[in-house]
Amino acid sequence: MSKKRRTKYQISKNFVNGRFKYPVETPVEYSVKALLPIFRQYIKGNPRARPKEILPVQRIAAPLSKEDVNKTAVIWLGHSTSFIQLEGRQLLLDPIFESYSSPFRFGGRRYSEQLPIEIEDLPQIDAVLISHDHYDHLDFRSIKKLKDKVRTFYVPLGVGGRLERWGVVPNKIVELDWWEESGFKGLKLRCTPAKHSSGRGIFKQNTTLWCSWIIEGEHTKIFYSGDSGYGPHFKEIGENYGPFDLTLIEAGQYDNSGLWPLHMLPEETVQAHIELQGNILLPVHWGAFTLAFHDWDEPIKRVLKAAAERNVVIAVPRIGESVEIGSSEIPSVPWWRDIP
């Protein structure tokens, strides 16, 4: 680690005793009583944890273009990976283009056989935003293929060192602490809090930061939650930087037992969107991999129900379908209902 980076760690109020932490204590109970239901679920399994058929995707036939600088659109590519076109700039969020969500080639296989677009067909990407270093958000193979097509990588503290080891040149990496921002070709990119964790193994947990992101153009503001449990940071972000034209908020891969409070239940996703003062909610972190015990389509069913009860506008695009901000047409077809 460079001296400059080490100093930035040391002065960060989020870095305590060699680890990053969320300011509100989030106890996780590992007692036998708490773990027993998890063990039972694991042994029992769930036949609907992944779809019985290959999940269809909407292919992006032509390379994405920058020609219409007034168009703002988000294309969900599955799980938390999204492509954003904003005021003539093109961005990627947590790009995972591999068939697996872990370094191991068993379990965790993607529901679809292909992606809406391959890395080779992507245009030059102005910025990649990484929320944290877990395998389902930061993938070695994807970064290696992307590194020469990306102008700048924006990451929370500590993640830059990993990218450098993977061959990304240092001057293409911007590391930010919570509440810091960086100007980028007319856009503002703000690193904001999340209630989660980091690490790529059992050792060195929480030695890198995790975050959410605000992407602000001249006319449009987008919020991306990264991975996060529900917490007071959503209201704080909404009060300081809202309202948002679109929020992309995690809604899947949760544990109903409450053993792991660093992800949200779908009802909390809707509450977070309201506190952020969001207009359109696009649920992410589902529809690609099985990382929890619930039915594969339970997240979208529950988030839709909660959204209807609270009059929240929700976009439910097919994987690869565009959500255009400012358009009167918002994807609303329940495409998952025909998939067992």
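So which residues in the stretch 291-313 are assigned to a helix (DSSP H, G or I) and surrounded by fewer than 19 Cβ atoms within 10 Å (Cβ to Cβ)?
Answer for the stretch 291-313, where residues must be assigned to a helix (DSSP H, G or I) and surrounded by fewer than 19 Cβ atoms within 10 Å (Cβ to Cβ): LYS301, LYS305, ALA308, GLU309.
Tell me which strands (runs of 3 or more DSSP E) are completely within the stretch 194-283 and hold 2 or more residues being open to solvent by less than 30 Å² (accessible area, probe 1.4 Å), without any contact (Cβ under 8 Å) to a residue 40 or more places away in the chain and in contact with a Gly (Cβ under 7 Å, 6 or more places away or on another chain), or say none if there are none.
Here the list reads 244-250.
Can you confirm whether the stretch 121-131 contains a residue that is open to solvent by 10 Å² or more (accessible area, probe 1.4 Å) and at pLDDT 95 or above?
no
Among VAL316, VAL333, VAL323, which is the only one that is in a loop (DSSP other than H, G, I, E, B) and either touching a Phe, Trp or Tyr at 6+ places or on another chain (Cβ under 6 Å) or crowded, with 21+ Cβ neighbours inside 10 Å (or both)? Steps first, please.
Working: VAL333 fails: either touching a Phe, Trp or Tyr at 6+ places or on another chain (Cβ under 6 Å) or crowded, with 21+ Cβ neighbours inside 10 Å (or both); VAL323 fails: in a loop (DSSP other than H, G, I, E, B).
Only one candidate qualifies: VAL316.
Would you confirm whether any residue within the stretch 91-102 is assigned to a strand (DSSP E or B), open to solvent by 10 Å² or more (accessible area, probe 1.4 Å) and farther than 20 Å from GLU321 by Cα? Steps first, please.
Taking the stretch 91-102 as the starting set, the residues that turn out to be assigned to a strand (DSSP E or B) are 91-93, 100.
Filter again for open to solvent by 10 Å² or more (accessible area, probe 1.4 Å), leaving 100.
Adding the requirement that they be farther than 20 Å from GLU321 by Cα leaves 100.
Yes, there is a match, as at least one residue in the stretch 91-102 is assigned to a strand (DSSP E or B), open to solvent by 10 Å² or more (accessible area, probe 1.4 Å) and farther than 20 Å from GLU321 by Cα.
Any residue at all in the stretch 41-57 that's among the hydroxyl-bearing types (Ser, Thr, Tyr), over 23 Å from SER332 (Cα atoms) and modelled with pLDDT under 90?
Looking through the stretch 41-57, at least one residue is among the hydroxyl-bearing types (Ser, Thr, Tyr), over 23 Å from SER332 (Cα atoms) and modelled with pLDDT under 90.
Would you check which residues across the stretch 175-188 are under 18 Å from the mean Cα position of the chain (by Cα) and not aromatic (Phe, Trp, Tyr) and list them?
GLU175, LEU176, ASP177
In the stretch 158-193, which residues are assigned to a loop (DSSP other than H, G, I, E, B), touching a strand residue (DSSP E or B) at 6+ places or on another chain (Cβ under 7 Å) and farther than 26 Å from THR269 by Cβ?
Result: VAL168, LYS185.
The values are calculated or read from the model by the stated rules, or taken from the named source; none is laboratory data. The structure presented is a predicted model; accordingly, all values stated were derived computationally and were not measured. Here Cβ is always computed from backbone atoms with ideal geometry, including for glycine, and neighbour counts include all displayed protein chains. Note: accessible area is taken over every heavy atom of the protein model, side chains too, but ligands, DNA and RNA are not part of it. Shrake-Rupley method; radii C 1.70, N 1.55, O 1.52, S 1.80 Å.
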